[in-house]
Amino acid sequence: MKSYRLMYPMRTYLVVAGQGNETNIMAADWVTVVSARPFMVGVAIAPQRRTWELVRKYREFVISVPSLEMLGDVWIAGTQHGPEKLKDMNVTLVPSKGIKTPSIKEALANLECRLVDEKDYGDHTWFVGEVVGSSHREDAFVGDSPNLEAGFLAHASWVDFVTFEKKIYRPPGVRG
């Protein structure tokens, strides 16, 4: 077993990079919040990926939060290479609010990022983007909390994905 698999299950995201007919989408599990103020997120992308080239060229990217309904698109984005795969995907690219890279209409949420830093670590580059715009489906969030029935997706193993159940657990003695 590859040791990094011991970190799974992990949330799954779609990363949009590029503009116009250079736009590409890849699936990524290695995404996280880096800072709350300013709000920044990071994503690890291998240099062999077209998305890596486009993030470096345009200095921006979008982190899209897919739902279970988008599982087929996540699979295509993660297993096919190059912008031709967009023809096989059922996503609608829409203008973002704060950057020129488009967002995904069907996503539960989109975080529009301007590249602020990049550093190579082993076989991946860690790209950090400041979130300068966002959008989300109204039914996916209630206040500041995700609606777990919206179908947030996580990657359990190579071909296995899971969603989150509505049951909420709290530590002993903690009240909501």
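For Thr125, what is the net charge nearby, where nearby means another residue's Cβ is under 14 Å from its Cβ and Lys, Arg count +1, Asp, Glu -1?
Values: positive: Arg49, Arg50, Arg56, Lys57, Arg59, Lys119; negative: Glu53, Asp117, Glu118, Asp120, Asp123.
Around Thr125, the charge tally is +1.
3J(HN,Hα) couplings calculated from phi for segment 95-104 with the Karplus curve 6.51 cos²θ - 1.76 cosθ + 1.60 (θ = phi - 60°) are, in sequence order, x, 7, 7, x, 9, 8, 5, x, 9, 9 Hz; Gly and Pro show x. Based on C-alpha pairs under 8 angstrom that are at least 6 apart in sequence, the chain has a relative contact order of 24 percent.
Around Thr79, with a cut-off of 12 angstrom between Cβ atoms, what is the net charge of the other residues, counting Lys and Arg +1 and Asp and Glu -1? Provide the component values of the computation, followed by the final result.
Values: positive: Lys85; negative: Asp73, Asp88.
Local charge sum for Thr79: -1.
Relative to the current alpha-carbon distance between Gln19 and Ala44, full extension at 0.36 nm per residue lengthens the span by 7.0 nm. Put a plus charge on the Cβ of each Lys and Arg, a minus charge on the Cβ of each Asp and Glu, and nothing anywhere else: the dipole of the chain about its Cα centre is then about 300 debye. From the residues Ile25, Ser67, Pro172, which one has its Cα farthest along the dipole of the chain in the positive direction, the dipole being from +1 and -1 charges on Cβ of Lys/Arg and Asp/Glu about the Cα centre? Among Ile25, Ser67, Pro172, the one farthest towards the positive end of the dipole of the chain is Pro172.
Per-residue Karplus couplings for segment 114-126, computed as 6.51 cos²θ - 1.76 cosθ + 1.60 with θ equal to phi - 60°, are listed in order as 9, 5, 10, 6, 8, 8, 7, 10, x, 9, 10, 9, 8 Hz, Gly and Pro entered as x.
Among Ser103, Ser64, which comes first, then next, by fewest other beta-carbon atoms within 10 Å? Numbers along the way, then the final one.
Values: Ser103 25, Ser64 28.
Ordered from fewest to most neighbouring Cβ atoms within 10 Å, Ser103, Ser64 come out as Ser103, Ser64.
Per-residue 3J(HN,Hα) values for segment 131-141, derived from phi via the Karplus relation 6.51 cos²θ - 1.76 cosθ + 1.60 with θ = phi - 60°, read 6, 10, x, 7, 8, 7, 6, 4, 6, 8, 9 Hz in sequence order (x marks Gly and Pro).
Cβ crowding within 10 Å ranks Tyr169, Tyr58 as Tyr169, Tyr58, fewest other Cβ atoms first. Potential lengthening of the chain between Glu118 and Ser145 amounts to 6.7 nm, from the contour at 0.36 nm per residue minus the alpha-carbon distance.
Quick note: the coordinates plus some simple rules give every number you see, no bench work behind them. From a predicted model like this one, the values you see are computed outputs, not experimental measurements. Reconstructed Cβ throughout: ideal geometry from the backbone, glycine too, with neighbour counts over all protein chains shown.
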